[in-house]
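The values are calculated or read from the model by the stated rules, or taken from the named source; none is laboratory data. Quantities reported herein were computed from a predicted structural model and do not represent experimental measurements. Heads up, the Cβs are rebuilt from the backbone with ideal geometry, glycines too, and the neighbour counts pull from every protein chain shown. The protein model used for the area step is the full one, side chains on, heavy atoms only, and it has no ligands, DNA or RNA in it. Shrake-Rupley method; radii C 1.70, N 1.55, O 1.52, S 1.80 Å.
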Amino acid sequence: MSIKQNFSTDALPDFRNLGVIARVLLGVNAFTFASALVVEPTWSRTLERFTHAAVLVEPMLLVTLVVLYAASPLLARLRYWVGCTAVAGLALAVSGALHVAVAGPELEPGGLARTLFLVAFVVAALLAYLRLLARAYSPALAEARLQALQSRIRPHFLFNSLNAVLSLVRRDPRRAERALEDLADLFRVLMQDTRSFVRLADEIELLERYAAIEQLRLGERLEIAWELDAAPLDALLPPMVLQPLLENAVYHGVESGTGPGRVVVHIARHGARVLARIENPYYEEHARRAGNRMAQDNIRERLQLFFDAEARLAARSEGGRYVVEVEMPYRPAQA
Amino acid sequence: MSPLRVFIADDEAPARERLKELLSDIAAELPTALAGEAQNGIEALERLPASGAQVLLLDIQMPGMGGLEVARHLAGLEAGPAVVFVTAHDRHAVEAFELNALDYLMKPVRATRLADALRKAAAGGAPQPQRLAQAAKGPREYLSVVERNRIVLVPVREIVYLRAELKYVTLRTRSGEHLLEEPLVALEAEFAEHFVRVHRNCLVARAAVRGVERAADGGEEPHWNVVLDGIAERLPVSRRQWAAVRALVKDQA
């Protein structure tokens, strides 16, 4: 079931996240430049001072980031304040060691104590900034959840499905039972807290339940090809990322056509990335329906909240097919 | 009393099954006979005229052609059926039905509601074309002509020009001609995006305009003609429309 990864309490930043790394790099360099600006009276000397400081600052920064990147899984298990102390400890140790190693006759960085004090200050400032940022994002997450709910339950789907189940009650009561069970499962997930990651296996199960209901309604008009052999079942992803895309594919690619339509669901792992691709027939005359774009924007937004810059959603039409691709980092669930 | 002849048009097989079940449930108080079924709008237009249907249960969201457009083409039939629209959820359509006093049912349909709607529709007769036109969101994708109790559909994008002549409007495609009974002014308003007026009595598909040429002098005032894609016929441009036509030709160049 869903993995606890609560965004509402403070958590250490993910040091493997591109966004976090970029913010740390920018923050430290901006701080260095600003301090050079304060002490030097002209631009050229400011630049000179900055370059001089960079000789020491950049190695400290980069090595610290590499160490944090490596230690990230371990750090993530610590409680927030213990984790912060550990991060500060690592940064101080790296900086202290480099200070001693680099300090030579031609480079006089000043006293070790001053360096360590500055590093501690910068680390504290950055951690506070990242914490504020995470907190600023949590209302956005709550809102995203709401938006997600609104955008993905297509009332059209609900009422037509209920109607289809009603038509089965007398003719095939067992199938009607199964269909209602599928609907119940689907809505349980729809109404769940969407702020936590889910396992890909669960998302795939959801896709299959959804497909079973659509199959009931559309019969032989809907053909779904599942290409899941290389799907990493233990990968974590935000909930309800793939189902709305499949729903769009069925709605625009199959329901809009008078003949049978083939939908392809392809999920595979490529190294450290998970790629999901959903394809459906493309009808140009229906392309102007706006619902599609809205669902995609919503998913893109949520991917960004969960993975920052590391996930991607792209859609294109080629040769009468409409293709949506989602690419995200592979994060296996801890067993 | 002979049973009411009902035709069902819905793209989902289970939805049609459900309506048939309900019709048999209410048979004691309202006897009905199934006049026919269709699983999309085009099929409904093909099958309905010969079916003798008195009431059409018409799903509004169907592939190919939606229910509202189907109803508009049926309005050309001499003894068209009464129409009850059926929708799962379409807030805009429901508002439009209310506003224009058109009969509709919500899916899942209840037996009692179905009986009421059928009775009311059968008594009220075929819907008025103006009400259907007002309820429709956008322009039709087809124009239709009734020829010997058959509805002939012409896709709007295949039309080269529409020209008013006395009582009728001639509709010209690359392959043929039809006569419409709709006023040119209404067509111009509905399909403003597709057509440009070149003359008081003539609308030409923007996409079919290839250029303009000087008319050969035949004693009359010199004027310009529109050169069309796919047909040899030339159409005169009136002085009043010349600016609009020239702008279009320039845009395309």
*For the stretch B:1-96, what class follows from the C-alpha gyration tensor (a ≥ b ≥ c being the square roots of its eigenvalues): rounded when a/c is under 1.5, otherwise prolate if a/b is larger than b/c, else oblate?*
oblate
_Estimated [θ] at 222 nm from DSSP helical runs (n ≥ 4, -39500 (n - 2.57)) normalised by residues in chain B, nearest 500_ = -9500 deg cm²/dmol
*Can you give the net charge of the other residues whose Cβ lies under 14 Å from the Cβ of B:GLN252, counting K and R as +1 and D and E as -1?*
+2
*To the nearest 10 degrees, how steep is helix B:13-25 against the longest Cα principal axis of chain B, on a 0 to 90 scale?*
50 degrees
*Total accessible area buried between chains A and B, 1.4 Å probe, in Å² to the nearest 100?*
1900 Å²
*Heavy-atom accessible area, 1.4 Å probe, ligands and nucleic acids excluded: residues of the stretch A:195-229 down by at least 30 Å² from chain alone*: A:ARG217, A:ARG221
*Would you mind giving the average projected area, over all directions, of the Cα convex hull of the protein assembly as shown in nm² with one decimal?*
39.8 nm²
_How high is the relative contact order of chain A? Use alpha-carbon pairs under 8 Å, at least six apart in sequence, and give a whole percent._
16 percent
_Quick check for you: with a 1.4 Å probe and neighbouring chains kept, what is the accessible area per residue of the stretch A:159-229, in Å²?_
49 Å²
*Return one number: the angle in degrees, 0 to 90 and rounded to the nearest 10, between the long axis of the Cα atoms of helix B:242-252 and the longest principal axis of the Cα atoms of chain B.*
80 degrees
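Rounded to the nearest percent, how much of the accessible area of chain A (1.4 Å probe, protein heavy atoms only) is carbon and sulfur?
Numbers: 10490 of 17320 Å².
Percent of accessible area from carbon and sulfur atoms in chain A: 61.
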*Measure nothing fancy, just the Cα-based angle from helix A:291-307's long axis to the longest principal axis of chain A, in degrees from 0 to 90, nearest 10.*
40 degrees
*Once amide H atoms are placed 1.01 Å from N in the peptide plane, what residues at a sequence separation of 5 or more from B:ARG5, or on another chain, have their amide H within under 5 Å of its amide H?*
B:ALA33, B:GLN54, B:VAL55
*Mind checking which lysines have their Cα closer than 17 Å to the Cα of B:LYS20? Skip sequence neighbours fewer than 8 apart in that chain.*
B:LYS107
*Using the Cα gyration tensor of chain A, with a ≥ b ≥ c the square roots of its eigenvalues, what is the shape: rounded (a/c below 1.5), prolate (a/b larger than b/c) or oblate (neither)?*
prolate
*Considering protein heavy atoms only and a 1.4 Å probe radius, which residues within the stretch B:52-101 exhibit an accessible-area decrease of no less than 20 Å² in the full assembly relative to the chain by itself?*
B:GLN61, B:PRO63, B:GLY64, B:ALA88, B:HIS89
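Give the carbon-plus-sulfur fraction of the accessible surface of the stretch B:121-222 in %, rounded to a whole number; probe 1.4 Å, heavy atoms of protein chains only.
On the way: 2890 of 6120 Å².
The value for the stretch B:121-222 is 47 percent carbon and sulfur by accessible area.
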*Could you pull out the GluC sites (Glu not before Pro) across the stretch B:14-96 that fall in loop regions by DSSP (anything but H, G, I, E, B) with no more than 12 other Cβ atoms inside 10 Å?*
B:GLU29, B:GLU78
*Pull up the DSSP beta bridges for the protein assembly as shown and report the antiparallel fraction as a percent, rounded to 5.*
70 percent
*asked:* What are the equivalent ellipsoid semi-axes of the stretch B:99-253, built from the alpha-carbon gyration tensor (square roots of five times its eigenvalues), in whole angstrom, biggest first?
replied: 41, 16, 14
_Whether the stretch A:226-313 is rounded, prolate or oblate, judged on the alpha carbon gyration tensor where a/c under 1.5 counts as rounded_ = oblate
*Calculate the spin-label point distance for A:GLU48 paired with A:ASP297, positioning each point 7 Å from the Cα along the beta-carbon direction, and give it in nanometres.*
5.3 nm
